[in-house]
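The next block holds one structure in the form of structure tokens; read it before the comments.
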Amino acid sequence: MADSVKAPHENWSSRTAFIFAAIGSAVGLGNIWKFPFEAGEGGGGAFVLIYLAFVFGIGVPVMIAELALGRRGHMSPPNAVKKVAQQESRSPLWSVAGWIGVIGAFMVLSFYSVIAGFTLSYMVDSFSGSLSSLRPDNSEAYFNGVTQNFSLILAWHIIFMGITIAVVARGIRGGLEKAVTWLMPVLFAILLLLVAYSLYVGDAAETFRFLLEPDWTEVDLETVIQALGQAFFSLSLALGAIMAYGAYVPKDVSLSRSAFIIAGADTGVAILAGLAIFPIVFQYGLEPGAGPGLVFITLPIAFAQMPGGLFVGGAFFLLLGIAALTSAISLLEPLVAWLEESKGISRVQSAIGGGVSIFILGMGTVLSFNHWSDFTFWRGTIFDNIDFLTNNIMMPMGGLIIALFVGWRMRRISVRDELSTMSDFGFRLWLIMLRYVCPLALMLIFVGYAFKGVLFGDG
Ligand code: PFF
């Protein structure tokens, strides 16, 4: 029962600490690895415009709802939703929104750690000079060599999960806050230096043309669905991270203003990542629509040829690793908070137990790239399935349930109490978005799948 569990959680020490942590959660592999290649495939500026509309039209309203739910419940996501549902005399079944969060975050972190491991491996190879031999004809083979090297990626998976566990075990103020207040400024500094360097040595004019002149011929329903999915993933929505972080926000902090700051910073970083990557891509005549390999296969070819490129490459992969770490801690937090509350286990033990379980599931992803690469079902390898299930089903489903619960099932007065700093107009507009626009858009995703037969494997 939600009332019988204790809520031992500390609050963030300040609004800034919370904003840093939430931006740290939002800014991750999604911004620097995924966004540029999705924009590259989806018609550059056209994708960016659709993406922006989703971030601010759908993502921000859902983020406000998720933060409000977390703060009102002041517990881990499943218990927070259950508690609020009880207060509102609604069915405890609504807590499924919190469960989707905890379970989805568990699944996402299992593969996120492995991909983060690739970036750390590339970082070491770049700084040590091993990437200097990369050319267009051998870069893909090099990437495959890394991912097929079972013990190498296992080692990085262990290291990355180990660091994540160590941070979360130290608690909100001693772990999460300390980590983000050190890492976020470093992240911004590296990113800005890379952008400056890249615009200077690369093809800035072509980059601006690419990002500002929309090419609508590349856009179809799939691009639209992908942009919505990417907006959710990038903003860390519906996986319990934002709800868990919301639970630790002091009452006097404006959640709506915070959501705009977080979404603005997240989008800014995605665009800056594009400005760091595309000038180099165009300068060296590489393919902007290269897909998931853009950062690992295409870009290193340029690093190998550029003046000081190996150092720049090392800095780039370090940036990616830091961004991934501050997101990973937000993916472990919901489970750890729940274990502490509901099972009465200490934070250190919860972090180790939860983290090790996630690590074990992550072995499925590690093996998907080598020994088990032929073991495929439904969407592909184990990694493909976990990625698809979380990104394309659990996140939109979780977002839909949150929007419906907060928009339609919570009393207006309770919601208003959490969002008391909003103007009447802002509040009304937000409620309309949350009640009508968000559920419709999220349902569209499922309708889109049904049409394309994606769920049945032929999409
Ligand atoms: N927002 C992170 C990224 O863009 O890489 C990924 C993520 C973190 C998704 C936390 C969901 C989450 F709960």
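The values are calculated or read from the model by the stated rules, or taken from the named source; none is laboratory data. Predicted model only: the values in this text are computed from it and were never measured. Positions of Cβ are backbone-derived with ideal geometry, glycine not excepted, and every protein chain shown enters the neighbour counts. Just the protein is used for accessible areas: all its heavy atoms, side chains included, with ligands, DNA and RNA removed. Shrake-Rupley method; radii C 1.70, N 1.55, O 1.52, S 1.80 Å.
Details
- Semi-axis lengths (Å, descending) of the ellipsoid that matches the C-alpha gyration tensor of region 292-392: 32, 22, 11
- Accessible surface, region 207-289, averaged per residue in Å² (probe 1.4 Å): 34
- Built from the Cα atoms of the chain, the convex hull projects on average onto 20.2 nm², one quarter of its surface area.
- Count of lysine pairs in the chain with Cα separation under 30 Å (8 or more residues apart, or interchain): 15
- For residue 112, the solvent-accessible surface computed with a 1.4 Å probe is close to 10 Å², ligands and nucleic acids excluded.
- If you take the alpha carbon atoms of region 1-149 and fit the smallest convex hull around them, that volume is 184 Å³ per residue.
- On Cα atoms only, tilt of 438-452 relative to the major axis of the chain in degrees: 50
- In this entry, region 334-459 is assigned a mean projected area of 11.2 nm², taken as a quarter of its C-alpha convex hull surface.
- Peptides ranked, highest mean first, by Cβ atoms within 10 Å: ranges 172-180, 429-437, 335-343: 335-343, 172-180, 429-437
- Neighbourhood charge, 14 Å Cβ-Cβ cut-off, centred on residue 167 and excluding it, Lys, Arg +1 and Asp, Glu -1: +2
- As a fraction of the 1.4 Å probe accessible area of the chain, surface on carbon and sulfur atoms comes out at 65 percent.
- 3J(HN,Hα) from dihedral phi, region 282-287, Karplus parametrisation 6.51/-1.76/1.60, rounded to Hz, x for glycine, proline: 6, 4, 9, x, 8, 8
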